[in-house]
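For reference, the structure discussed in these notes is given below.
The values are calculated or read from the model by the stated rules, or taken from the named source; none is laboratory data. No experiment lies behind these values; they were computed from the predicted model shown. Using ideal geometry, Cβ is built from the backbone for each residue, glycine included, and neighbour counts are taken over all protein chains shown.
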Amino acid sequence: MRNEALTRADIPPLLRLPLLLLGLLALVIGVLAGLARLMVDVPAIAAAQAGAHGAFMIAAFLGTVISLERAVALARTWSYLAPLCAGLGGLMLALGQPTIVAQALFIIAGAAASAGNGAILRRHPGIHHAMLALGSGAWLIGNLAWLVAGTIIPAVPWWMTFLVFTIAGERLELTRFLPKTPGARTLFVAIVAMQLFGLTIAFWQDGIGLRLFAAALLALAGWLLRHDIARRTVRQRGLTRYIAACLLAGYGWLAVGGLLGMAGGFALGNPLRDAALHAVFLGFVMSMIFGHAPIILPALARIRIPYHSAFYLPLMALHASLLARVIGDFSETPALTRLAGIANAMALLFFILIVLVSVVRGLRTRESAAADVEPGAAGRVT
């Protein structure tokens with residue numbers, strides 16, 4: 001009876017589509033704003049938001065999608081306040097409304113997401129749910145830091161932690177039944193504590209704080225590579241192997257981001273900052289999105305996305321263009337960085353197109369299967 005009550009408190013999948021569309025709008029504007037930062041000609045509405053590139057991509061797009069997924073897991077109507085406010089925050093930015101309006105909406109979204117993940121943690125205690133709760137808490141702190149400081153700079157590492165902790169928590173949930181070495185759990189907790197400690201210190205001493213934070217990212221990448229089930233499932237076939245490939249590649253980029261951060265890459269004004277940030281946000285986070293989209297989107301919107309080997313094409317394009325971008329940053333070749341940034345955007349667009357084509361294939365397959373079940377139905381109706 002309890003589960004049925006929770007289900008009745010949820011909202012229909014059709015009503016989730018507007019939230020996904022708000023997230024998609026934030027993604028489009030965020031990508032175009034990022035291109036504007038690379039001196040690429042883009043529509044004026046996006047060029048005007050070049051300084052808010054990170055807010056669109058993280059607080060608006062990823063905040064909407066991730067909090068929507070968690071709202072579906074909690075199955076309570078009030079939990080949808082988080083994706084709604086995150087999506088509206090991006091919309092307010094796009095419409096040129098006062099920044100404080102968007103900031104307030106993002107803060108409400110972070111608070112609602114934290115309350116939702118906290119409710120799940122109380123109902124089902126576990127380290128994986130604790131990581132999800134810590135992740136949404138980091139998102140809230142980042143949003144507050146943006147409001148207090150008046151600039152996105154101090155929010156970025158907290159937003160990064162939001163994404164890293166959320167992904168790590170979801171992977172822990174899937175791998176918690178795998179055998180672990182006796183000290184694996186203790187080591188994981190120590191890594192998380194070091195990351196939070198570094199973030200806190202960074203408010204006063206960003207040099208040492210951000211380096212500790214980066215070292216924790218590197219350690220976490222190593223831990224996930226060692227313990228994630230993807231090391232086994234990559235030997236399988238089809239969608240399972242594709243997801244594992246996305247995960248392993250993402251962990252590699254998380255390690256690269258950690259190494260670059262330890263070299264000072266997360267500090268404002270450092271020539272490696274572009275490479276360090278995009279190694280994590282593009283290489284790690286987008287790899288996870290590419291890998292999990294065929295599973296998460298059907299759960300959110302009841303849209304079937306059949307797997308096809310073509311999914312590897314945008315994945316390879318993403319990693320190749322990101323590698324070129326890192327090389328451009330290291331060699332201080334702005335032209336290469338700019339071209340690679342354009343290729344990054346094209347890889348994301350390519351992935352969206354692949355997903356849309358797969359959705360159409362799924363619909364056609366379902367219609368064909370329905371016709372095969374009752375081949376004479378039309379004649380009987382007539």
- Message: Given the criteria closer than 28 Å to Ala86 by Cβ and either buried (at least 16 other Cβ atoms within 10 Å of the Cβ) or touching a Ser or Thr at 6+ places or on another chain (Cβ under 9 Å) (or both), does Gly169 qualify?
- Response: yes
- Subset of the range 161-175, residues touching a helix residue (DSSP H, G or I) at 6+ places or on another chain (Cβ under 6 Å) and of a type in the set (A, V, I, L, M, F, W, C), comes to Phe162, Leu163, Phe165, Ile167, Ala168, Leu172
- Task: Test Ala168 against the stated conditions and say whether it is among the hydrophobic types (A, V, I, L, M, F, W, C), on the phi < 0 side of the Ramachandran plot and more than 14 Å from the chain's Cα centre (by Cα).
- Result: no
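Yes or no, residue by residue, for (1) touching a Gly at 6+ places or on another chain (Cβ under 7 Å); (2) not in a helix (DSSP H, G or I):
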position	(1), (2)
Thr181	no, yes
Ile191	no, no
Met194	no, no
Gly198	yes, no
Trp204	no, yes
Gly209	yes, no
Ala219	no, no
Leu225	no, no
- Restricting to the range 170-190, what's the tally of residues that are modelled with pLDDT under 75, over 30 Å from Ala293 (Cβ atoms) and β-branched (Val, Ile, Thr)? 1
- Residues of the range 227-246 satisfying the condition of being assigned to a helix (DSSP H, G or I) and out of contact with any helix residue (DSSP H, G or I) (no Cβ under 9 Å at 6 or more places or on another chain): none
- Item | Set Ala317, Ala249: member being surrounded by fewer than 23 Cβ atoms within 10 Å (Cβ to Cβ), touching a helix residue (DSSP H, G or I) at 6+ places or on another chain (Cβ under 9 Å), among the hydrophobic types (A, V, I, L, M, F, W, C) and touching a residue at least 60 places away in the same chain (Cβ under 8 Å) | Ala249
- Pairs, first under 15 Å from Gly150 (Cα atoms) in the range 93-105, second assigned to a loop (DSSP other than H, G, I, E, B), C-beta under 9 Å, six or more apart: Leu93/Gln49; Thr99/Gly150
- Taking Arg185, is it assigned to a helix (DSSP H, G or I) and within 22 Å of Leu315 (Cα to Cα)? no
- Message: Is it the case, given these coordinates, that Ser358 is modelled with pLDDT under 85, assigned to a helix (DSSP H, G or I), crowded, with 18+ Cβ neighbours inside 10 Å and of a type in the set (Ser, Thr, Tyr)?
- Response: yes
- Would you please list the contacts, defined by Cβ atoms under 8 Å and residues six or more apart or on different chains, that run from a residue in the range 115-140 that is farther than 14 Å from Ser79 by Cα to a residue that is surrounded by fewer than 18 Cβ atoms within 10 Å (Cβ to Cβ) and among the charged types (D, E, K, R)? Gly126/Glu173; Gly126/Arg176; Ile127/Arg176; Ile127/Arg185; His128/Glu173; His128/Arg176; His129/Glu173
- Item | Number of the exception - Thr181 against (1) surrounded by 14 or more Cβ atoms within 10 Å (Cβ to Cβ); (2) of a type in the set (Ser, Thr, Tyr); (3) free of Cβ contacts under 8 Å to residues at least 40 places away in the same chain | (1)
- Query: Of all the residues that make up the range 335-364, how many are more than 19 Å from Ser309 (Cα to Cα) and without any contact (Cβ under 8 Å) to a residue 12 or more places away in the chain?
  - Reply: 1
